[in-house]
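Note sheet for the following structure.
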Amino acid sequence: MRDPVVLQEVKATLALLTERSPGRAIEVRIPPYAAVQCGEGPTHTRGTPANVIEMDAQTWLALAHGERTWADAMAAGLITASGVRADLTSLLPLRIAP
C-alpha cells in the first residue's frame with residue numbers, strides 16, 4: 001500500500017524535476033508511486049524508453065532533498081539506470097521552496 005504522505009512528496013518532487021528539465025528522453029520511475037518523462041533528447045513514445053532510471057521512494061526523496069548524492073546512491077546499488085542520458089546529477093538536489 002502506498003503511503004499518502006510519501007505519494008504527495010514523490011509527486012511534488014517529480015513535478016519539479018519535469019518543470020526544470022522538460023522533455024521525454026528519460027523516464028524516471030519511483031514504484032509504486034509515480035513515473036515521469038523528462039529531459040531533452042529523442043522523444044520516447046512506445047515501449048521501453050532508451051533512458052530509464054528507477055529507484056525506491058526513500059532514495060528519490062533523499063536525492064531530491066540533498067541528503068544523498070547521485071554517485072553515492074549509484075555506488076550503493078540503490079538506483080537502476082540505463083541509457084546515455086540516465087543521470088540526474090546535474091539536476092539534483094531539487095531546491096524546494098518552503
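The values are calculated or read from the model by the stated rules, or taken from the named source; none is laboratory data. Since this is a predicted model, take the numbers as computed values, not measurements. Here the Cβ positions follow ideal geometry from the backbone for every residue, glycine too, while neighbour counts run over all protein chains shown. Note: accessible area is taken over every heavy atom of the protein model, side chains too, but ligands, DNA and RNA are not part of it. Shrake-Rupley method; radii C 1.70, N 1.55, O 1.52, S 1.80 Å.
Relative contact order (percent) for the chain, with alpha-carbon contacts under 8 angstrom and 6 or more residues of separation? Here the relative contact order equals 26 percent. Extension gain, Asp56 to Thr18: 0.36 nm times the residue separation minus the Cα-Cα distance gives 11.9 nm. Taking the 1.4 Å solvent-accessible surface of the chain as the whole, the part contributed by carbon and sulfur is 53%. Net charge in the neighbourhood of Arg85 (other residues with Cβ under 13 Å of its Cβ; Lys, Arg +1, Asp, Glu -1) is -2.
Please report the antiparallel percentage of DSSP beta bridges with both residues in the chain, rounded to the nearest 5. Approximately 75 percent, going by the DSSP bridge assignments.
Between Ala35 and Asp3, the simple spin-label model (points 7 angstrom out along Cα→Cβ) gives 2.3 nm. Using the Cβ atoms and a cut-off under 13 Å, what net charge is assigned to the surroundings of Tyr33, where Lys and Arg are +1 and Asp and Glu are -1? Combined, the nearby Lys, Arg, Asp and Glu give -1. Taking only the alpha carbons of the chain, we obtain Rg and Dmax values of 12.6, 37 Å in that order.
Compared with the dominant principal axis of the Cα atoms in the chain, helix 4-20 is inclined by about 40°. Against the empirical 2.2 N^0.38 Å (N residues), region 57-98 has a Cα radius of gyration ratio of 1.14.
Counting only heavy atoms of the protein chains and using a 1.4 Å probe, Glu27 has close to 30 Å² of accessible surface.
Of the trypsin sites (Lys or Arg not before Pro) found in region 1-69, those that fall in a DSSP loop while having at most 13 other beta-carbon atoms within 10 Å are Arg2, Arg46. Multiplying the residue separation of Lys11 and Ala75 by 0.36 nm and removing their Cα-Cα distance gives an extension gain of 20.5 nm. On a per residue basis, the chain carries 59 Å² of accessible surface, using protein heavy atoms and a 1.4 Å probe.
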